[in-house]
Amino acid sequence: MTGEPRTGDVFGELLRDALAVATGIGPRPLAGGRLPRPVIEIIERDDGLVNGAPAAHYLDGPQDWQPHDHRAVDRVRGATLDVGVGAGRIALLLQERGVPVTGLDTSAGALRVCRRRGVRDLVHATVDEHAASGRRYDTFLLLGNNLGLLEGRERAPAFLAALAAVARPGAQVIAHGTDPYGTRDPVHTAYHEHNRRRGRLGGQLRLRLRYRELGTPWFDYLVCSPEELAELVHGSPWQLVDVDNRDAPYYLATLRLAR
Ligand SMILES: C[S@@+](CC[C@H](N)C(=O)[O-])C[C@H]1O[C@@H](n2cnc3c(N)ncnc32)[C@H](O)[C@@H]1O
């Protein structure tokens with residue numbers, strides 16, 4: 001035993017347990033032998049910062065969503081790929097509305113939770129791997145802060161190209177991001193500075209997730225301003241055509257396929 005977490009499907013396990021707590025069906029994580037306890041996603045950052053976030057919101061129905069989630073789904077048109085579908089909260093509403101929606105995720109456990117909740121069309125892959133399927137889409141959703149999947153300056157061009165490879169002419173990306181630079185918390189401002197000094201974008205987070213005895217490998221997750229996003233999109237097959245920041249610091253970015 002090293003005290004280090006075992007690498008595993010953190011998202012899958014925590015969504016499975018969050019569903020068990022929400023429904024009362026299946027084994028639940030217990031405290032004191034009897035009391036079900038809330039499922040907490042532990043997020044570690046490479047400066048030592050640790051945060052805990054309740055996982056239950058991944059199961060939320062539309063009545064509990066943030067306003068920008070509603071505005072995002074209202075912009076959907078045509079065949080839609082929900083990238084990083086999680087527990088399927090967005091895909092379920094789109095299905096109900098008759099939108100042809102595919103949920104894509106790298107977590108096998110998350111996809112099992114989606115299936116149990118009724119999401120019909122699911123793909124276990126990265127966007128890059130999915131290109132070989134020949135399926136093509138009109139809308140890509142990156143919700144729940146999943147603009148973070150751009151990772152940083154190195155990965156963003158390949159990720160945007162992978163989306164373009166599975167896009168139909170005129171396709172759009174609707175992505176939820178958070179502008180990280182409004183904070184005065186010295187823990188965050190020092191981290192942004194440290195990142196810039198090492199050649200990274202200020203909000204290019206280096207994270208790993210933990211749940212119970214499991215952890216993910218360390219990975220980059222991008223929290224960037226709309227101005228930084230515009231720079232990352234420049235020169236890609238996409239154009240940044242709209243930024244809706246009515247819920248600042250959160251924003252919804254819309255990209256349109258340029259060519
Ligand atoms: C923050 S959650 C967001 C879930 C969902 N979009 C929502 O709004 O509730 C991130 C999800 O993205 C998935 N994910 C992480 N990296 C991914 C990748 N490279 N490709 C596809 N999905 C990924 C995770 O497994 C997880 O289900």
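Take the residues in segment 223-259 that are among the polar types (S, T, N, Q) and farther than 13 Å from residue 173 by Cβ; name whichever of them is surrounded by the most Cβ atoms within 10 Å (Cβ to Cβ). Even if it seems obvious, please write down each step before you answer.
Taking segment 223-259 and keeping what is among the polar types (S, T, N, Q), we get 225, 236, 239, 245, 254.
When the remaining residues are screened for being farther than 13 Å from residue 173 by Cβ, the result is 225, 245.
Working: 225: 20, 245: 14.
Result: 225.
Which members of segment 74-93 meet the condition of being among the β-branched types (Val, Ile, Thr) and away from the ligand (no atom under 11 Å from the Cβ)? Walk me through it before giving the result.
Within segment 74-93, the subset among the β-branched types (Val, Ile, Thr) is 76, 80, 83, 85, 90.
Of everything in segment 74-93, those that are among the β-branched types (Val, Ile, Thr) and away from the ligand (no atom under 11 Å from the Cβ) turn out to be 76, 80.
For segment 94-132, name all the residues that are within 14 Å of the ligand (Cβ to nearest atom), out of contact with any Leu (no Cβ under 9 Å at 6 or more places or on another chain) and not acidic (Asp, Glu). Break it down stepwise before answering.
Of all residues in segment 94-132, those within 14 Å of the ligand (Cβ to nearest atom) come to 94, 101-115, 117, 119, 122-131.
Subset that is out of contact with any Leu (no Cβ under 9 Å at 6 or more places or on another chain): 106, 108, 128-129, 131.
106, 108, 131 - these are the residues of segment 94-132 that are within 14 Å of the ligand (Cβ to nearest atom), out of contact with any Leu (no Cβ under 9 Å at 6 or more places or on another chain) and not acidic (Asp, Glu).
Quick one: would you say residue 191 is in contact with a strand residue (DSSP E or B) (Cβ under 9 Å, 6 or more places away or on another chain), aromatic (Phe, Trp, Tyr) and farther than 30 Å from residue 134 by Cα?
Values: in contact with a strand residue (DSSP E or B) (Cβ under 9 Å, 6 or more places away or on another chain): yes; aromatic (Phe, Trp, Tyr): yes; farther than 30 Å from residue 134 by Cα: yes.
Taking the combined requirement at face value, the residue satisfies it.
Take the residues of segment 144-167 that are within 10 Å of the ligand (Cβ to nearest atom) and farther than 23 Å from residue 70 by Cβ: which is surrounded by the most Cβ atoms within 10 Å (Cβ to Cβ)?
Ranking the candidates gives 159 first.
Considering only residues of segment 29-65 that are touching a residue at least 24 places away in the same chain (Cβ under 8 Å) and of a type in the set (Gly, Ala, Ser), which is nearest to residue 196 (Cα to Cα)?
The residue in question is 55.
Can you list the strands (runs of 3 or more DSSP E) found entirely within segment 1-90 that contain at least 3 residues being not β-branched (Val, Ile, Thr)? If you could, list the steps in order and put the result at the bottom.
On the way: elements: 40-45, 50-54, 80-83.
Where strands (runs of 3 or more DSSP E) fall fully within segment 1-90 and carry at least 3 residues being not β-branched (Val, Ile, Thr), they are 40-45, 50-54.
Select, from 86, 109, 26, 118, the only residue that is touching a helix residue (DSSP H, G or I) at 6+ places or on another chain (Cβ under 8 Å), touching a residue at least 12 places away in the same chain (Cβ under 8 Å) and exposed (fewer than 14 other Cβ atoms within 10 Å of the Cβ).
118
For residues in segment 203-216 being outside any strand (DSSP E or B) and not small (Gly, Ala, Ser), which is nearest to residue 166 (Cα to Cα)?
So in segment 203-216, the residues outside any strand (DSSP E or B) come out as 203, 212-213, 216.
Subsequent filtering for residues that are not small (Gly, Ala, Ser) retains 212-213, 216.
Details: 212: 36, 213: 36, 216: 27 Å.
For segment 203-216, the residue satisfying everything is 216.
Answer with yes or no whether residue 205 is in contact with a helix residue (DSSP H, G or I) (Cβ under 7 Å, 6 or more places away or on another chain) and modelled with pLDDT of 95 or more.
Values: in contact with a helix residue (DSSP H, G or I) (Cβ under 7 Å, 6 or more places away or on another chain): no; modelled with pLDDT of 95 or more: yes.
No, not satisfied.
Quick check on this structure: which one of 209, 214 is within 12 Å of the ligand (Cβ to nearest atom) and closer than 28 Å to residue 40 by Cβ?
Details: 214 fails: within 12 Å of the ligand (Cβ to nearest atom).
Result of the check over 209, 214: 209.
How many of the residues making up segment 121-143 are surrounded by 15 or more Cβ atoms within 10 Å (Cβ to Cβ) and part of a helix (DSSP H, G or I)?
Of the residues in that region, 3 qualify.
Under 9 Å between Cβ atoms, which residue pairs at least 6 apart in sequence (or on different chains) link something in segment 235-259 that is within 17 Å of residue 137 (Cβ to Cβ) and at pLDDT 95 or above with a partner that is among the charged types (D, E, K, R) and part of a loop (DSSP other than H, G, I, E, B)?
237/259; 254/75
Take the residues in segment 169-196 that are away from the ligand (no atom under 16 Å from the Cβ) and not in a helix (DSSP H, G or I), then tell me which one is nearest to residue 153 (Cα to Cα).
Filtering segment 169-196 for residues away from the ligand (no atom under 16 Å from the Cβ) gives 169-172, 179, 181-196.
From what's left, not in a helix (DSSP H, G or I): 169-172, 179, 183-185.
Working: 169: 25, 170: 25, 171: 23, 172: 21, 179: 16, 183: 22, 184: 25, 185: 25 Å.
Among those that are away from the ligand (no atom under 16 Å from the Cβ) and not in a helix (DSSP H, G or I), it is 179.
Tally time: how many residues in segment 217-254 are outside any helix (DSSP H, G or I) and more than 15 Å from the chain's Cα centre (by Cα)? Full working, then the answer.
Of segment 217-254, the ones outside any helix (DSSP H, G or I) are 217-225, 234-254.
Okay, now just the ones that are also more than 15 Å from the chain's Cα centre (by Cα), so 217-218, 225, 234-249, 254.
Residues flagged as outside any helix (DSSP H, G or I) and more than 15 Å from the chain's Cα centre (by Cα) within segment 217-254 amount to 20.
The values are calculated or read from the model by the stated rules, or taken from the named source; none is laboratory data. None of these values were measured; they are calculated from a predicted model. We place every Cβ from the backbone using ideal geometry, glycine too, and count neighbours over all the protein chains shown.
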